[in-house]
Amino acid sequence: MRVLFVCLGNICRSPTAEGVLRHQLQRTGLADQVEVASAGTGDWHVGKAPDARTCKAALARGYDLSAQRAQQVKAGHFGEYDLVLAMDASNLADLKAIRPPASKGELDLFLRRYDGALDEVPDPYYGGAAGFEQVLDLIELACEQLVDEIRGRL
Ligand code: 4NP
C-alpha cells in the first residue's frame with residue numbers, strides 16, 4: 001500500500017505526517033508493507049529539507065525528518081499512490097484540479113477521515129512555535145487511526 005500526504009510547501013505539515021506515519025508503522029511492524037511519501041502543491045521549496053522549526057518540533061517527539069526533501073505533486077502521483085491525503089481544503093481543491101479522471105488512487109482530506117478536533121491541519125508557516133506543536137498533535141492522533149485503517153486494508 002502507498003500513502004502520499006500533500007500540503008502547500010511540503011516543508012511543514014506533509015513532511016511531518018510522512019515522518020509520523022513511517023514511525024508508527026515501524027512501531028507496529030507494518031513498515032515493510034506500506035510506502036509513505038509527501039509532496040506540496042507549490043514548487044517553491046522543491047529539493048529542500050523540511051523547515052527548521054518543523055524538524056526541531058518533530059525531533060523533540062522522536063521523529064527525524066532531516067533526510068526528507070520537498071517535491072511538487074504531479075498528476076502521475078495519483079496512479080502511484082492508493083491514498084492521497086490533503087492537509088487542508090485548499091490543498092484538496094488544488095489536487096482535485098490536477099487529478100486525472102480515471103485515477104484509482106483515493107483522494108481525501110486527511111483529518112476529515114478520522115475522529116479529531118479539526119478537519120484541517122492549520123498552516124504553521126507564518127505563526128509561532130505553538131502552531132508546530134498543534135500540527136504534531138493533530139497528525140499523531142490521525143495517524144494512529146490511519147494505521148488502524150491500513151492494518152484492516154492489508
Ligand atoms: P506547508 O507550510 O504547506 O505545511 O509546508 C508552508 C510552507 C511554505 C509556505 C507556505 C506554507 N510558503 O509560502 O512558502
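Listed values, structure above:
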quantity	calculated
Odd one out for Thr54 among (1) within 14 Å of Leu146 (Cα to Cα); (2) within 16 Å of the ligand (Cβ to nearest atom); (3) in contact with a helix residue (DSSP H, G or I) (Cβ under 9 Å, 6 or more places away or on another chain); (4) not aromatic (Phe, Trp, Tyr)	(1)
In segment 78-100, residue nearest to Ala52 (Cα to Cα) [restricted to those that are within 16 Å of the ligand (Cβ to nearest atom) and either over 13 Å from the mean Cα position of the chain (by Cα) or polar (S, T, N, Q) (or both)]	Asn91
Hey, Lys74 charged (D, E, K, R), more than 17 Å from Tyr114 (Cβ to Cβ) and not in a helix (DSSP H, G or I) or not	yes
Count of segment 5-46 residues which are more than 14 Å from the ligand (Cβ to nearest atom) and in a loop (DSSP other than H, G, I, E, B)	4
Failed condition for Gln33, given (1) in contact with a Leu (Cβ under 6 Å, 6 or more places away or on another chain); (2) polar (S, T, N, Q); (3) open to solvent by less than 30 Å² (accessible area, probe 1.4 Å)	(3)
Those residues of segment 101-123 which are open to solvent by less than 60 Å² (accessible area, probe 1.4 Å), of a type outside the set (Val, Ile, Thr) and within 13 Å of the ligand (Cβ to nearest atom), in sequence order	Phe110, Pro122
In segment 54-100, the residues that are surrounded by fewer than 21 Cβ atoms within 10 Å (Cβ to Cβ) and among the β-branched types (Val, Ile, Thr)	Ile98
Output for segment 1-27, where each listed residue is open to solvent by 40 Å² or more (accessible area, probe 1.4 Å) and over 12 Å from Cys143 (Cα atoms)	Met1, Arg2, Leu8, Gln26, Arg27
When residues of segment 101-133 are limited to those that are among the charged types (D, E, K, R) and assigned to a helix (DSSP H, G or I), the one nearest to Thr54 (Cα to Cα)	Glu133
Qualifying residue in segment 134-144 (condition: among the acidic types (Asp, Glu), open to solvent by 30 Å² or more (accessible area, probe 1.4 Å), assigned to a helix (DSSP H, G or I) and without any contact (Cβ under 8 Å) to a residue 24 or more places away in the chain)	yes
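The values are calculated or read from the model by the stated rules, or taken from the named source; none is laboratory data. Remember, it's a predicted structure, so these values are computed and weren't measured experimentally. Don't worry about glycine lacking a Cβ; one is built from the backbone with ideal geometry, like all the others, and counts go over all protein chains shown. These accessible areas exclude ligands, DNA and RNA; they are computed on the full protein's heavy atoms, side chains included. Shrake-Rupley method; radii C 1.70, N 1.55, O 1.52, S 1.80 Å.
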